[in-house]
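Engineer: Mind looking over this structure? Questions follow.
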Amino acid sequence: MPNIILLGPPGAGKGTQARRLVEDRGLVQLSTGDMLRAAQTSGTEMGRKVAAVMAAGQLVTDDIVIGLIGEKLAEGGSGFIFDGFPRTLAQADALGDLLARAGQTLDAVIEMQVDDEALVDRISGRFTCGNCGEVYHDRTRPTSTPGVCDVCGSSDLRRRADDNAESLRQRLMEYYKKTAPLIGYYHHAGKLFSVDGLAEIEDVAKSVARVLDGAKGA
Ligand code: ADP
Ligand code: ADP
Ligand code: ZN
């Protein structure tokens, strides 16, 4: 099964598409954002350390997220969707090393192209199910019954503390300064595929599927 990266700014739709790929193709979603939030909820030392950094919309240190991904890859398997990782060139290099050590290859990097204006709207309307992780949006993807998750029926619907305009500004700056250079990095490696992230969720899913069906190992 292919190993892929979903690359794009906060709100581009990485998590939404990753969940579909898990459902449709049995791939495994590795979201460093979700892992870091889980560490905060479970009150670990690392969770406490990163809480303020995440709330401010800054990137946590490379060693922390590389450590988290390294642990997952050491468990074996393949068919990973890297969602929100790598976010720096150092993380990209580390991922290459970790995959090589695990006897795995990176098959495709799918860049989700969106504009900043759309991101403000995406982030300010985002909420997720605290029980199953399904991602919703007030306008573009509401629950069919208000206040109840379509997938699992839970009423534990949450908004992220960092999904506010001030934090988004900071996160976008981090993205353009530190993460966007990965587009050139993976283009040079011949792994980059770009899709229109502004299209409807279904249409983005179709573009992603076309890339996967064309990419080596898919
Ligand atoms: P979004 O999907 O909105 O971009 P994420 O859930 O991926 O948000 O990330 C939330 C926060 O977690 C980031 O703003 C950052 O503080 C931290 N984070 C997640 N992944 C990484 C990473 N690979 N490197 C550094 N920080 C990360
Ligand atoms: P990311 O993981 O890249 O930060 P998400 O998948 O969490 O992005 O999506 C951000 C918000 O935008 C969510 O509220 C989601 O429901 C919504 N969304 C995702 N993809 C689309 C799309 N193609 N069109 C409209 N809204 C979308
Ligand atoms: Zn749910």
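The values are calculated or read from the model by the stated rules, or taken from the named source; none is laboratory data. Since the model is a prediction, treat every value here as computed from it, not as a measurement. Cβ atoms come from the backbone with ideal geometry, glycine included; neighbour counts cover every protein chain shown. Accessible surface areas use protein heavy atoms only, side chains included; no ligands, DNA or RNA. Shrake-Rupley method; radii C 1.70, N 1.55, O 1.52, S 1.80 Å.
Engineer: Consider only pairs whose beta carbons are under 7 Å apart and that are at least six residues apart or on different chains; among these, list those whose first residue lies in region 22-40 and is in contact (Cβ under 8 Å) with a residue 24 or more places away in the chain and whose second residue is of a type in the set (S, T, N, Q).
Structural biologist: Val22/Gln29
Engineer: Out of curiosity, is Ala52 out of contact with any helix residue (DSSP H, G or I) (no Cβ under 9 Å at 6 or more places or on another chain), away from ligand 2 (no atom under 13 Å from the Cβ) and assigned to a helix (DSSP H, G or I)?
Structural biologist: yes
Engineer: Under 6 Å between Cβ atoms, which residue pairs at least 6 apart in sequence (or on different chains) link something in region 67-85 that is of a type in the set (Val, Ile, Thr) with a partner that is at pLDDT 95 or above and not in a strand (DSSP E or B)?
Structural biologist: Partner pairs satisfying both residue conditions: Ile69/Phe85; Ile81/Ala18; Ile81/Leu21; Ile81/Leu27.
Engineer: If a residue must be at pLDDT 95 or above and not in a helix (DSSP H, G or I), how many such residues does region 158-187 contain?
Structural biologist: 3
Engineer: Quick check on this structure: which one of Val135, Val120 is open to solvent by 40 Å² or more (accessible area, probe 1.4 Å), under 25 Å from Leu198 (Cβ atoms) and within 13 Å of ligand 1 (Cβ to nearest atom)?
Structural biologist: Going through Val135, Val120 in turn, the sole match is Val120.
Engineer: In this structure, does Ala12 turn out to be modelled with pLDDT under 95 and either away from ligand 3 (no atom under 16 Å from the Cβ) or open to solvent by 50 Å² or more (accessible area, probe 1.4 Å) (or both)?
Structural biologist: no
Engineer: I've got another one for you. Does Gln113 satisfy the criteria of being within 16 Å of ligand 2 (Cβ to nearest atom), among the polar types (S, T, N, Q) and farther than 26 Å from Val151 by Cα?
Structural biologist: The answer is yes for Gln113.
Engineer: Here are the criteria: (1) within 12 Å of ligand 2 (Cβ to nearest atom); (2) part of a loop (DSSP other than H, G, I, E, B); (3) within 21 Å of Val211 (Cβ to Cβ). Tell me which single one Gly190 does not satisfy.
Structural biologist: Gly190 satisfies every listed condition except (1).
Engineer: What tally of residues in region 102-142 results from selecting those that are free of Cβ contacts under 8 Å to residues at least 24 places away in the same chain and at positive phi?
Structural biologist: 1
Engineer: Then there's this: State all residues of region 6-61 that are among the β-branched types (Val, Ile, Thr) and away from ligand 1 (no atom under 11 Å from the Cβ); if no residue qualifies, say none.
Structural biologist: Of everything in region 6-61, those that are among the β-branched types (Val, Ile, Thr) and away from ligand 1 (no atom under 11 Å from the Cβ) turn out to be Val22, Val28, Thr41, Thr44.
Engineer: Moving on. Residue under question is Leu68, and the condition is that it be closer than 20 Å to Gly133 by Cα and among the aliphatic types (A, V, I, L, M); does it hold?
Structural biologist: Criteria met by Leu68.
Engineer: Give region 6-23 a look and list any residue that's part of a helix (DSSP H, G or I) and touching a strand residue (DSSP E or B) at 6+ places or on another chain (Cβ under 9 Å), or say none.
Structural biologist: Lys14, Gly15, Thr16, Gln17, Ala18, Arg19, Leu21, Val22 - these are the residues of region 6-23 that are part of a helix (DSSP H, G or I) and touching a strand residue (DSSP E or B) at 6+ places or on another chain (Cβ under 9 Å).
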